[in-house]
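**Q** I am attaching a structure below and will ask some questions about it afterwards.
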Amino acid sequence: MLNISQTRALLLRRISFCIVRNFRLYIGSFFVPILTAVKIEDARFCAKAKSALFVICGIMVLNMTIIILQRLLLEFVWDIIYFPIWWYTKGAIHALRWCFNLFLHGNENLAPGLWLANLFVPMFGQFDIQGRIVSFLMRFVQIFARTVALAVWFSLCLVLFFCWLALPLLVVYAI
């Protein structure tokens, strides 16, 4: 088995007698073309150069594996440390916006403001006194019911947001 410096010297001495062929090596997530020098007449040299090349490439792959494992471990530790910070800052803001949009969708569906704007407009185009009284009473009941429903919807959105905030604490407490 040759070491790296012996292989380099051997390759440089015999390069004038050699032809170059393409050799592909898988390193990381891409293929790297490796040029190997091979002398046709000397089978021993080819075997030594090839085995030394595989040793060199094996060292490169081993170093790359160590670097990747170190990076993965560092990312894993950083994610564990950063998770609570993210959950209660950016994640909480994102959850609050989501709950607010959920409340706005509920407001669009229930629309008590629209009913309030048309409180004194008679229904079905009946402009007599009985039509106006019935319209006012029906719209008043609708406004009251829709406002109560919207308040319940708002409280559910708040409960959902506070559940978001309490979820990590509940998980840690359960462990």
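A short reminder: the numbers here are calculations on the coordinates, not readings from a lab. Remember, predicted model here, so these are calculated numbers, not experimental data. Cβ placement follows ideal geometry from the backbone for every residue including glycine, while neighbour counts extend to all protein chains displayed.
Condition check ((1) exposed (fewer than 12 other Cβ atoms within 10 Å of the Cβ); (2) on the phi < 0 side of the Ramachandran plot; (3) without any contact (Cβ under 8 Å) to a residue 12 or more places away in the chain; (4) touching a Cys at 6+ places or on another chain (Cβ under 6 Å)) across all residues:
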site	(1), (2), (3), (4)
Ala95	no, yes, no, no
Pro122	no, yes, no, no
Gln130	yes, yes, yes, no
Ile133	yes, yes, yes, no
Ala145	no, yes, yes, no
Leu150	no, yes, no, no
Ala166	yes, yes, yes, no
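**Q** Further question: Can you tell which of Leu116, Leu158 is farther than 30 Å from Tyr82 by Cα and either among the aliphatic types (A, V, I, L, M) or out of contact with any Pro (no Cβ under 9 Å at 6 or more places or on another chain) (or both)?
**A** Criteria check complete, one pass: Leu116.
**Q** Okay, next question. Going through Leu102, Leu73 one at a time, which residue ends up being of a type in the set (A, V, I, L, M), within 30 Å of Pro168 (Cα to Cα) and in contact with a Cys (Cβ under 6 Å, 6 or more places away or on another chain)?
**A** Unique residue meeting the criteria: Leu102.
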